[in-house]
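Just so it is clear, none of the values below were taken in a lab; they were calculated from the coordinates. Since we're looking at a predicted model, the values are computed, not measured. Note that we place each Cβ from the backbone using ideal geometry, even for glycine, and neighbour counts take in every protein chain shown.
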Amino acid sequence: MASNAIPASTPSEPYPGQRLGLPAQGRGSLATWQGRVTALVVDWVASMLVASGLFGTGVISGDGWRAWMVMVVFFVESTVLSALAGGSFGQLVTKIGIARLDGLPLGFVRAALRAALVCLVLPAVVVGQDRRGLHDTVVGTVVIKRR
């Protein structure tokens, strides 16, 4: 006779990041979705403010080359700060950052490629295991907590 009872204990699922050798929580663990989205919003607002200051308010509602300046500022900010400080402005504010899986510094080439893929949007929203978007998978990075 078959029983429909649920077993008393089920093997625990591995936590996100365990396969990558990251801790379950605290410094060095995977950043939360809330932290990542907040960082992106902070980056975008900061980029809009800087672009408006440099190129005028036409960057918000204009067309032509000015319409691209917010994204250009975002790309430059994200690339430079990620290469030098391990995270974009928004990531630094929200206490998260980018780390290479091999432990080496990110560098400008990987930072620029990652920022370009984020600007394309689709690679950033195609998410696989361990909360890694396609952009992180391509460049061998992961977004982690800094605290």
- Divide by every residue of the chain the summed helix terms, -39500 (n - 2.57) for each DSSP H run of at least 4, and state the resulting mean residue ellipticity at 222 nm, rounded to the nearest 500 deg cm²/dmol. -14500 deg cm²/dmol
- Binning at 10 Å from 0, report for the chain what percent of all alpha-carbon pair distances ends up in each bin. 11, 37, 28, 12, 7, 3, 1, 0
- Estimated FRET transfer efficiency (Asp63, Leu122; beta-carbon r; R0 25 Å; 0.05): 0.60
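Using DSSP H assignments, which helices in the chain have an axial alpha-carbon span of 27 Å or above and a mean Kyte-Doolittle hydropathy of 0.0 or higher?
33-55
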- Message: Treating only the Cβ of Lys, Arg, Asp and Glu as charged (+1, +1, -1, -1), what charge dipole size does the range 23-145 show about its Cα centre? Round to the nearest 20 debye.
- Response: 300 debye
